[in-house]
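Some notes on the structure that comes next.
The values are calculated or read from the model by the stated rules, or taken from the named source; none is laboratory data. Keep in mind that what you see is a predicted model, and the values were worked out from it rather than measured. Virtual Cβ from ideal backbone geometry, glycine too; neighbours counted across all protein chains shown.
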Amino acid sequence: MRFIKLAFISVVVLSLLVTGISLLFPSTVIASRAIEINTNPTKISYFVSDLAHWKEWMSDWKENEVRLEKNTAYIGTQTVQLVSQTDHSVNYKWVATGQNPYLVKFEWTLLKDSAYVIHWSFEQKVKWYPWEKFQTLLNDNVLGSKMELELQNLQTAINNK
C-alpha cells in the first residue's frame with residue numbers, strides 16, 4: 001500500500017512539475033526565415049501569392065499530388081488556404097493533421113535598387129497543455145531547415161523566370 005501511495009504522489013508531483021515548466025513557454029510560437037533576392041515584386045508575387053505556382057519551388061508539392069480548389073490547396077493530409085493578400089504580403093492558413101493551424105506569412109520589402117528581402121514565417125498558437133508546449137520547441141528546428149531549403153528553391157525559380 002505504501003508503494004502505491006508513493007507512486008501516486010510521485011506521478012502527481014511530476015505531472016505538476018512538467019505542467020509548471022511548460023507554462024513558462026510562450027503560447028504563440030513563430031518560426032521565420034528570410035532571403036535577399038535581386039528581382040522585382042511582380043515575380044515574387046507570382047510565385048508566393050498563387051498556390052498554383054508553389055509547385056515550381058516547394059519540394060513537397062513537386063513530389064506529391066496537389067489538388068487546388070479556388071484559393072485552397074490540398075496536399076496529403078495538409079490544407080493551405082489563402083487568407084489575405086496585399087501588394088507586398090500574403091497570408092495563408094496552413095492546417096496539418098494532428099497540429100494546431102499555422103498562420104503563414106510571406107512579406108517582401110525593398111532594400112535597395114532591385115534587392116528585396118522575402119520574409120517567410122509560420123505562426124502557431126498552442127493551448128496550455130504540456131505536450132503542445134514542448135512540441136513547439138521542435139518547430140524552429142524542423143520548420144526552419146525546411147524553410148531555408150524552400151527559400152533557396154524560390155530564389156532559383158525566380159532567377160530562372
So if I check each of 135, 124, 81, 99, which one is surrounded by 13 or more Cβ atoms within 10 Å (Cβ to Cβ), touching a strand residue (DSSP E or B) at 6+ places or on another chain (Cβ under 6 Å), closer than 28 Å to residue 24 by Cβ and of a type in the set (S, T, N, Q)? 124
Select from the range 66-77 the residues that are assigned to a strand (DSSP E or B) and surrounded by fewer than 16 Cβ atoms within 10 Å (Cβ to Cβ) and list them in ascending order. 67, 68, 69, 72, 74
Condition broken by residue 83, with the remaining ones in (1) within 19 Å of residue 148 (Cα to Cα); (2) under 16 Å from the mean Cα position of the chain (by Cα) satisfied: (1)
For the range 4-58, enumerate the residues that are closer than 20 Å to residue 150 by Cβ, part of a strand (DSSP E or B) and not small (Gly, Ala, Ser). 29, 30, 33, 35, 36, 37, 38
So, in the range 38-65, of the ones that are farther than 23 Å from residue 123 by Cα and among the β-branched types (Val, Ile, Thr), which residue ends up surrounded by the fewest Cβ atoms within 10 Å (Cβ to Cβ)? 42
Matching residues, the range 1-40, being closer than 30 Å to residue 68 by Cα and more than 22 Å from the chain's Cα centre (by Cα): 38, 39, 40
Six or more apart or on different chains, Cβ under 7 Å: which pairs go from a residue in the range 142-161 that's more than 11 Å from residue 120 (Cα to Cα) and modelled with pLDDT of 90 or more to one that's among the aromatic types (Phe, Trp, Tyr) and assigned to a helix (DSSP H, G or I)? Could you list them? 154/47; 157/47; 158/47
